[in-house]
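The values are calculated or read from the model by the stated rules, or taken from the named source; none is laboratory data. For clarity, every value in this text was computed on a predicted model and none was experimentally measured. Positions of Cβ are generated from backbone atoms using ideal geometry, with glycine treated the same way; all protein chains shown enter the neighbour counts.
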Amino acid sequence: MTDVHRTIDAVWRIESAKLIAGLARITRDVGVAEDLAQDALVAALEQWPASGVPSNPGAWLMAIAKRRAIDLMRRDKMLDRKHQELAPMLDARSEDEEDQVHTAIDDHVGDDMLRLIFTACHPVLSTEARVALTLRLIGGLTTAEIARAFLVPEPTIAQRIVRAKRTLSEAKVPYEVPRGAELEARLSSVLEVIYLVFNEGYSATSGEDWVRPGLCEDALRLGRILAALAPEESEVHGLVALMEIQSSRLRARVGPSGEPVLLLDQDRSRWDRLLIHRGLAALARAEAVGGALGPYTLQAAIAACHARALTAEETDWERIAALYDALAQLLPSPIVELNRAVALSMAFGPALGLEVVDAIADAPSLKRYHLLPAVRGDLLKRLGRLDEARVELERAASLAQNARERELLLARAAELGGEG
Amino acid sequence: MRYVCLIHIDESALDALPLAELDALNAGHVELNRDLQRSGHLIEAEALGASADARLVRVREGRAHVVDGPYAESKEVVAGIYLVEAKDLDEAAAMAARMPGATVGTVEVRPTRRLTVGGEVVW
């Protein structure tokens, strides 16, 4: 790749979302908007190697894309039928009227970005499609990059994106930020998509690597975009706080030979202080918005308890247990119960933790979840019931899908000795 | 990866700029900051005060020596800093190329590094 091509790559990542968001406002179709943006990218690839990179490449790309958008609208009479309200713009003949189109794009860049995010995360799409489309349209990732990140073949992702854009178009999903009661439900869909991207990077569900930091950075970037656009939403800050604090541990989570290192065993001096600082600040912003704390903010508050403890022994487990109580009421789930059990066991002893774990042992959703036997194994070990503990840890290993995690569980089972 | 962009500018040239041009320069930085915030790349951005107002601190043999700045005789001084998150040096350099300060001075793009003690990463 030449220098210019590398620059174009970088420019694209910084500018593409703004470009697509603005174009979707006049085309009312994110698929068409992305095509126009891609056209502008192709023009850049053709012209910049000879002409040099313009001083404001984003404005250059936008100017090209706008011109094509206007051409397209003039040609495409169909749009007149589809979007009556835009008719005056479509007939833009004089330069004044073209200016109107330009102004329509330049105003409210932030609103357009929010519209784009809400559209890419629309419930009419499957979760997988939302993730792919969000990374592509807002994160500026290429199809190949998304495919690599999720370890799926490139054509699969390409198809997923094409289908998602078609679905949005066919379902006539309005290009808008939802209001009122709908906003909360739709926002949680957006947050879910971002956190899913983050988690796939933070604890890869499949493959050989335990973490893929690139995906975490992308998710964090998406979170910061959203936080800047919707500063009055407490849960957005909560999610950013949660991701920043968890990211701070990325370097400590992996041992010298790529094996996972669990939270309490991590060398805390390896935690990224800048990210912790930023995470705590985001948590303070979430709490400052007021109202009851949402699930992401509560989880961030739990992560903050760990971040504030300079050693594992200093951890305020009673506060963590209390935060899990609050989370369990808000979001009752066996997984939250499992975490609450761990916190209770640390605050008040393993017997209490085991009681909580045994109460959820038959939950259907945990049947194949390796962390249930992993936690149960640890609690049994702390109670001195070593044989039972080993059986549980081995069962956990057989259920773990990540190769690194499986090795760790087997090693912990082997430490307990006995037959096996 | 995190990168720092240091904007080196000749202060006398900056002072000599007509007010309208200075305004345009500053407005350009604000626009860039918003863009980088929107694309999630910006961590921090600060414009720096006059280098004449600097204090230089050196600790020698356990004693702190504090004298008034500026640091060097050279005309170019750091006038602003950005801390950005970028995929690689190319992406960071592309952000630097958007900085209005680069049109009057030089932007130095530097990767941050981890501090190690005894081979262990500690910061």
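What the table below lists for this structure:
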{"item": "Residues of the range A:1-28 satisfying the condition of being modelled with pLDDT under 90 and either in a loop (DSSP other than H, G, I, E, B) or of a type in the set (S, T, N, Q) (or both)", "result": "A:Met1, A:Thr2, A:Thr7, A:Thr27, A:Arg28"}
{"item": "Residue under evaluation A:Glu232, criteria (1) acidic (Asp, Glu); (2) within 11 Å of chain B (Cβ to nearest Cβ); (3) outside any helix (DSSP H, G or I), criterion not met", "result": "(2)"}
{"item": "Tally, over the range A:253-281, of residues that are in a helix (DSSP H, G or I), surrounded by fewer than 19 Cβ atoms within 10 Å (Cβ to Cβ) and facing chain B (nearest Cβ under 10 Å)", "result": "3"}
{"item": "Candidate set: the range B:17-36, residues that are surrounded by fewer than 18 Cβ atoms within 10 Å (Cβ to Cβ) and not hydrophobic (A, V, I, L, M, F, W, C); chosen: the one farthest from the chain's Cα centre (by Cα)", "result": "B:Pro18"}
{"item": "Any hit, the range A:210-232, residues being modelled with pLDDT of 90 or more and in contact with a Lys or Arg (Cβ under 7 Å, 6 or more places away or on another chain)", "result": "no"}
{"item": "Top-ranked residue in the range B:61-106 [being part of a strand (DSSP E or B) and buried (at least 18 other Cβ atoms within 10 Å of the Cβ); ranked as nearest to the other protein chains (Cβ to nearest Cβ)]", "result": "B:Glu85"}
{"item": "Verdict on B:Leu115 being under 14 Å from the mean Cα position of the chain (by Cα) and within 14 Å of chain A (Cβ to nearest Cβ)", "result": "no"}
{"item": "Residues of the range B:85-105 classified as basic (Lys, Arg) and closer than 22 Å to B:Ile9 by Cβ, total", "result": "1"}
{"item": "A:Val42 vs. criteria closer than 24 Å to B:Ala93 by Cα, assigned to a helix (DSSP H, G or I), of a type outside the set (Asp, Glu) and modelled with pLDDT of 90 or more", "result": "yes"}
{"item": "Which numbered condition A:Arg376 fails, given (1) of a type in the set (Lys, Arg); (2) surrounded by fewer than 17 Cβ atoms within 10 Å (Cβ to Cβ); (3) more than 24 Å from A:Pro295 (Cα to Cα)", "result": "(2)"}
{"item": "Filtered residues of the range A:45-58 (kept if of a type in the set (A, V, I, L, M, F, W, C) and either at pLDDT 90 or above or part of a helix (DSSP H, G or I) (or both))", "result": "A:Leu45, A:Trp48, A:Ala50"}
{"item": "Residue within the range B:79-86 that is more than 11 Å from the chain's Cα centre (by Cα), in contact (Cβ under 8 Å) with a residue 12 or more places away in the chain and more than 19 Å from B:Leu48 (Cα to Cα) present", "result": "yes"}
{"item": "Selection within the range A:1-29 - within 12 Å of chain B (Cβ to nearest Cβ) and polar (S, T, N, Q)", "result": "A:Thr2, A:Thr7, A:Ser16"}
